[in-house]
Structure formats: C-alpha cells, structure tokens
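To start, the structure itself, in structure tokens.
The values are calculated or read from the model by the stated rules, or taken from the named source; none is laboratory data. From a predicted model like this one, the values you see are computed outputs, not experimental measurements. Ideal geometry is used to build each Cβ from the backbone, glycine not excepted, and the neighbour counts take in all protein chains shown. The accessibility values were calculated without ligands, DNA or RNA, using every heavy atom of the protein model including side chains. Shrake-Rupley method; radii C 1.70, N 1.55, O 1.52, S 1.80 Å.
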Amino acid sequence: MFIARIRLLATAGLLLAPVYSTAQEIDHKQLITTLGRLDQAAPAVDVALLTEEVTANAGKGVANLPNWQNLSRLSQLIVEIDFENNSVAIEPQSYRTIGMIADALHHPNLSRYKFLVVGHTSSTGDAAHNLKLSQDRANAITYALSTTFAVPPDRLYPIGVGKEWPIDAGHPAAADNRRVQLINLGLVR
C-alpha cells in the first residue's frame, strides 16, 4: 500500500519521460492552478482511439504513440490512490484525496473543463489483467467523483493503460507506477 497524496508533474514533457523526478505534495490552490493551466488550445483527444491503441499495444507501451504524445501538451496531475491489493476497492484514507480533487473540479476555474482519468498499474501480473485492473480503477475513481462528490460524469473520461505507461520505466514493478492521472482535456462542449 502506498500513501495517498497528490503529486505534481514538474513539467508537461515529463509525462513521457521514463523517470519521475521530484514530487511534491500540493495544496488546494496549487491543484486548481496546475489542472487549470492550458498554455494553448487543447488538442482534440479521442478517448475511444486511445483505448483502442492501448489495447492493441498491450506489452509494447503507449508513450511513443502519436495520440498519447498529444497528452503531454495538456496540464495534468499524478495522484496516488490506495486500493486494496489486486482490487478496485478504494482504501478509506484515499477518500480525503479524492475529496480534494472533487473540490478542485468544482472550483469555478476548473468547472468548465473535462478530464481524462487515467488508471495505471505496475508490471506485476500479466498485461491483459493489468489493463483491465487499471480500467476498473479509473472507473472506480470516476464513479466516486461523480456519485459521492457530485462531479458531473460527462466531464470525466476514464481509461486504463495497465503497465504500458510507467512513470519509473527502470523499475516497472515499483509502487510509483500504480497511480491515477488527471489530464485536462479542455473545455466541455
């Protein structure tokens, strides 16, 4: 089990980098600022296409695929959420983190945006199992945000990538690779 906390990516380019550099815990204001920062118009993101690509590339990685590279230009946040081992059951202590995320998503500066909720796993287990587990965990976070915390579900797009997009590629079984990532997809239309 890992500690529930929110981590900020140092730069947008770090999304596709194999090593996660310094992480810091952030407060509510930093959360809003980080997720609300769009330096340019958000590229169109087709979640169904992303899902298709990750399924077709199980075991090969997705970071270098063009549609996944587009995500590096978007504001994003890595969130560690505790789940029961090999389960989608969210540990009770993680609801504080999810509540903090929900508060930020309800803030006027973020309420007009939609978000990709990306579930990740470490490399333990086979690729197909990890892909399903990560999708189920992304769905669990989306469900918690939309039911318990009343974030409109049409603003949340869950996707699981399994072990295909590690933050610590040198240590694929590391706990840091088990995470949830929020990516700002731009304005709700």
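Of all residues in region 125-154, those that are part of a helix (DSSP H, G or I) have Cβ atoms under 6 Å from Cβ atoms of residues that are surrounded by fewer than 15 Cβ atoms within 10 Å (Cβ to Cβ), 6 or more apart or on another chain, in ALA127/GLY59; SER146/PRO153. Being surrounded by fewer than 20 Cβ atoms within 10 Å (Cβ to Cβ), more than 29 Å from PRO172 (Cβ to Cβ) and of a type in the set (D, E, K, R) is a condition met by at least one residue of region 101-108. Sub-7 Å Cβ pairs linking a first residue in region 107-121 that is without any contact (Cβ under 8 Å) to a residue 60 or more places away in the chain to a second residue that is assigned to a loop (DSSP other than H, G, I, E, B), at least 6 apart or interchain, are THR121/GLY162; THR121/LYS163; THR121/ARG178, ordered by first then second residue.
Listed here are the residues, each with its yes/no results for (1) modelled with pLDDT of 90 or more; (2) open to solvent by less than 20 Å² (accessible area, probe 1.4 Å).
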site	(1), (2)
HIS129	yes, no
GLN135	yes, no
ALA138	yes, yes
ILE141	yes, yes
ALA144	yes, yes
PHE149	yes, no
PRO153	yes, no
VAL161	no, yes
TRP165	no, yes
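In region 85-100, of all residues being in a loop (DSSP other than H, G, I, E, B) and of a type in the set (S, T, N, Q), the one that is farthest from ALA174 (Cα to Cα) corresponds to SER87.
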